[in-house]
Amino acid sequence: MFNKKISDRFIKYIYPLVDATKSQENKAFPQNYKLLPYIHSKKIGWTHFGVMIPDLPAPHHFYSVMSIIGTAGALAFDNDHALKDTPRNNATLVVGTGTKKTSVFAGYSIPKECQFAEGGSHIQFGNDLTITGNYPHYQLHSGNDNYQIDLNLKLSDKITWFVKTPFYDHISLLTEYSGTLQSDGQSQEISGLCTFEHAAAVSPHLIWKKALKQNLKLPLDFFTYQIINLADGTQLLLNDTRINGTQIVSKAFFRSLTQYNKTCAAEFKILEYQEDLATAPDGKQMKLPQIFEWRIYEGKQEILYLHCTVNTEFNYGLGSGYVGGYAYTGTHKNKEIQGQGYIEYIDRMES
C-alpha cells in the first residue's frame, strides 16, 4: 500500500508543508497544552508518555519509561504479539534501568489493567508504573522484585517539538528530577535532568478493530532517539527517523534550564554492530549497534562530535525495538567531552 515512490513524495513535498516545528523554535511550552491520555477520544488514536534519565550511576546507567496507549498502526512501533485487547484498547510499556533484572515489558488491556484519568492526573499501567500529578509537578513510581524507584518531577517550560502537525504532535519537556532508587538491598538518592515526553496522534485503529497486516502499516522502518546531559547543563536530544528507508528527520536539539530549544542538523552513522542478533518475544531478529557516531552542524560548521559505545544490555519493548545506554567521548566547540547517554533503537528496514 505504502510504496516507496509515494512515501518519498510525502517526505519531500507534503510533510514540510504540514510540519510546524520551525515556528515553535525558541518558544516556551504553551500553558494551555494538555498532557492527556485521550483514551476516549474520537480523533486521537494513540498517545505516548515517556520519562528518560540518561546518566544514572553504574550499574544502572539509565532509567526509561516508554509507553504507548493505543496502537499507532506503524511498523516500528506496533507490538501485535503483545495485544491484550483491541488495538485501540491496548497499551504497552517498557520500564526499567540498564540492568536487565529491573526491566519490564508488558502489554495491557486498558479497561481491565490500567487506570488513566481523563485529565491526565493519574497514569497507571498495572502494578508496573504509576505517574500522578499535573504540570509542572508529577510523582512517579515503578518497580519489581529487583528494584524500586520513586521520583519527583519538576517540568520546565523548555519544550522541544519533534513533530507538530494537524494529525500528530510529539513533544519533550526538559525536567528536573529527584528521588530514590533502591536495588540490591541499597537505597541511593538521585537527582538531575531528565525528559518528560508526550505524543498524541491519529490512528487507523479509531476505525479498524483488528491488528493491521504488516503491508498496511505506516512503513516507519527506522528510528533512533538519544539523550545526553552535557556537563555544562545543556541537554542534547538526537533523532534519526526514516520511512521506507528514506530519512524524514535527522536532527539535534539543544536546551537547558536557561535556554529554549535550538535545533541543528545531525548525521548518525553506525560503525559496528553487535555480534549477535537480538531476538524479540515474537521471534523477529534485529541488528543492534555497538559503536556509532554523531556529527552535529550549525550551518556548515561541525560543532559537536560524539563517538559512542554501548555499555548496557538492550531492553526490548520500544515498540518493536530496544532501549539501552552507552558511554561517549567527543568534542563540543573544540572542547573534549565524555559521559553517559541513552538510546532508543528500531531497525525494521530488512523485515
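The values are calculated or read from the model by the stated rules, or taken from the named source; none is laboratory data. In this text, all values refer to a predicted model and were calculated from it rather than measured experimentally. Note that each Cβ is placed from the backbone with ideal geometry, even for glycine, and that neighbours are counted across all protein chains shown.
What to note about this one:
Quick grid of which residues meet (1) closer than 20 Å to GLN340 by Cβ; (2) in contact with a strand residue (DSSP E or B) (Cβ under 6 Å, 6 or more places away or on another chain); (3) among the hydrophobic types (A, V, I, L, M, F, W, C):
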{"residue": "PHE196", "(1), (2), (3)": "yes, yes, yes"}
{"residue": "ALA211", "(1), (2), (3)": "no, no, yes"}
{"residue": "LEU220", "(1), (2), (3)": "no, yes, yes"}
{"residue": "ILE227", "(1), (2), (3)": "yes, yes, yes"}
{"residue": "THR234", "(1), (2), (3)": "yes, yes, no"}
{"residue": "VAL249", "(1), (2), (3)": "no, yes, yes"}
{"residue": "PHE268", "(1), (2), (3)": "yes, yes, yes"}
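- Residue in the stretch 200-223 that is within 21 Å of HIS60 (Cβ to Cβ) and either in contact (Cβ under 8 Å) with a residue 40 or more places away in the chain or not aromatic (Phe, Trp, Tyr) (or both) present: no
- Leading residue by the ranking (surrounded by the most Cβ atoms within 10 Å (Cβ to Cβ)) among those in the stretch 136-163 that are of a type in the set (D, E, K, R) and in contact with a strand residue (DSSP E or B) (Cβ under 8 Å, 6 or more places away or on another chain): LYS158
- The set of residues from the stretch 31-83 being within 28 Å of ASN215 (Cα to Cα), charged (D, E, K, R) and surrounded by fewer than 24 Cβ atoms within 10 Å (Cβ to Cβ) comprises LYS42, LYS43, ASP80.
- The single residue among THR195, THR175, THR180 that is β-branched (Val, Ile, Thr), under 26 Å from ASP78 (Cβ atoms) and in a strand (DSSP E or B) turns out to be THR195.
- Enumeration of residues in the stretch 279-295 that are part of a strand (DSSP E or B) and either touching a His at 6+ places or on another chain (Cβ under 6 Å) or surrounded by fewer than 17 Cβ atoms within 10 Å (Cβ to Cβ) (or both): THR279, GLN285, GLN290, ILE291, GLU293, ARG295
- Residue check, GLU189 in a strand (DSSP E or B) and farther than 19 Å from ILE68 by Cβ: yes
- In summary, no strands (runs of 3 or more DSSP E) completely within the stretch 80-127 bear 2 or more residues that are more than 21 Å from the chain's Cα centre (by Cα) and without any contact (Cβ under 8 Å) to a residue 12 or more places away in the chain.
- Applying a threshold of 6 Å to beta carbon distances and a minimum spacing of six or more residues, or different chains, the list of pairs starting in the stretch 256-273 at a residue that is in contact (Cβ under 8 Å) with a residue 24 or more places away in the chain and surrounded by 15 or more Cβ atoms within 10 Å (Cβ to Cβ) and ending at one that is part of a loop (DSSP other than H, G, I, E, B) and among the hydroxyl-bearing types (Ser, Thr, Tyr) reads SER256/THR234.
- Some residue of the stretch 294-307 being more than 29 Å from ASN79 (Cα to Cα), touching a Lys or Arg at 6+ places or on another chain (Cβ under 7 Å), polar (S, T, N, Q) and modelled with pLDDT of 95 or more: no
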